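Working notes, beginning with the structure itself.
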Amino acid sequence: MRRRTSWAPAVELVKLIHLPQDGWLKRQAAYQERVRRYADPYLARRSAGRKHPVEDFLFTYYTQKPGQLLRWHPGAGVVLSGPAAAERTGWKYYRAADDGELASAGLPAGTAAVTVDVDAFRRERREALEFAAVILGGTAARPAQFGCFGLHEWAMVYRQDKFELRHEYLRLRLGGERTDQVVEDNRIRCSHFDAFRFYTPDAIGLNSLAPSRENQRSMEQPGCLHANMDLYKWAYKLAPLLPGELVMDCFELSWRIRAMDMRASPYDLSAWGYPAIRIETPDGKAEYVQYQRGFAAESQELRRRLLAELARWPHAVDTVTAPGAGSGPGTRKDSHDSPR
């Protein structure tokens, strides 16, 4: 079922925020220091030709690169003044503030200042805005599911001796045969297509759900670790309309989720400083769910903040799938998707 949803152009109706140069440079420096805590070790490893199975992930799986993440944005509805702001007129989706925007921000006409070009972003990135609204709103509206126990990572190495090794430099904590047994002894219920698509061919038919790119809008739910890690993806895809601090809040949640996800994986990461969550045991399952519930609560708060930002921007979304509408989580049928 489809419904028409319109968001009013709220940004023009409120006073724009003015950030003088001294203030926004301090925010930018604090933001960049925050990014470098994660980016600098990754860049050092990459230069040395080394890999990290946990801490490289957000920089290699997602398309946002460290240099792009280092660029701080104030978000839509903010006017930056001062000589240092002039550089941003050459950045994508920035422009000089016009006299009306300067007046709204309390600045005299002719002041050298820049602001995010929301209209240009809306024209060129309308599809991204609409899809983000659908995914974020739909996921936020669904009940969280806590019965997967991180078995998606196990399904990715199920009977891997028949296929290409996923991480050739890592050792399976229980060995191949016992790892396969854990997969066979548990119900596999992954609702996230971008995890499911990396299953080994023999594991595909063991998943009780049938996630696909086509039903992604109706299947993602807030208990899913991968859906919650993807908050970072939706945030950076909406830059520079979002304040950089919100993007980094999503990044840091994703970082912690990735660490927990890999602790619950079949790999032995003890030498890397990541002790196992032994989801093959009742205690390990309980520990996993405890983390999962905490991350679900944090992710829902970030979704609320992201949706609040979306609601401020001057655009109209013609068609939005109502939360919970569509096919819904489906059970496996005769056909199935390729894992790659």
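The values are calculated or read from the model by the stated rules, or taken from the named source; none is laboratory data. What you see is a predicted model, and the numbers here were worked out from it, not measured in a lab. Positions of Cβ are generated from backbone atoms using ideal geometry, with glycine treated the same way; all protein chains shown enter the neighbour counts. To get the accessible areas, we keep the full protein, side chains included, count just its heavy atoms, and leave off ligands, DNA and RNA. Shrake-Rupley method; radii C 1.70, N 1.55, O 1.52, S 1.80 Å.
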Which of the GluC sites (Glu not before Pro) found in segment 145-207 are in a DSSP loop and have at most 14 neighbouring Cβ atoms, other than their own, within 10 Å?
-> Glu164, Glu168
Relative contact order computed over segment 236-310 (Cα-Cα under 8 Å; 6+ residues apart), in percent = 25 percent
Estimated dipole of the chain in Debye, rounded to 20 [Cβ of Lys and Arg +1, of Asp and Glu -1, Cα centre] = 80 debye
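So what's the projected area for segment 1-152, the Cα convex hull averaged over all directions, in nm²?
Result: a mean projected hull area of 13.4 nm².
For segment 56-198, with only Lys/Arg (+1) and Asp/Glu (-1) charged at the beta-carbon, what is the dipole magnitude about the Cα centre, in debye rounded to 20?
Dipole magnitude for segment 56-198 comes out near 220 debye.
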Pairs of lysine residues in the chain - Cα separation under 24 Å, sequence separation of 8 or more or cross-chain = 11
Relative contact order in percent for the chain (Cα pairs under 8 Å, 6+ apart) equals 28 percent
For segment 111-192, whose charge dipole is built from +1 on Lys and Arg Cβ atoms and -1 on Asp and Glu Cβ atoms, the candidate among Leu129, Gln181, Gln145 with its Cα farthest towards the positive end is Gln145
To two decimal places, what compactness ratio does segment 126-269 give when its Cα radius of gyration is scaled by 2.2 N^0.38 Å?
-> 1.12
Express the relative contact order of segment 12-78 as a whole percentage, based on alpha carbon pairs under 8 Å and six or more residues apart in sequence.
-> 54 percent
With every protein chain in place, the chain: carbon and sulfur % of accessible area (1.4 Å) | 52 percent
Check Arg95: other-chain or 5+ apart residues with amide H under 5 Å from its amide H, H built from backbone geometry?
-> Thr115, Asp117
Enter the per residue convex hull volume of the chain, computed from alpha-carbon coordinates, in Å³ rounded to the nearest integer.
-> 141 Å³
Between segment 74-126 and segment 231-250, the Cα center-to-center distance that results, in Å = 19 Å
Say the dipole of segment 53-122 comes from +1 at the beta carbon of Lys and Arg and -1 at that of Asp and Glu; which of Ala103, Ala76, Thr60 then lies farthest toward its positive end?
-> Thr60
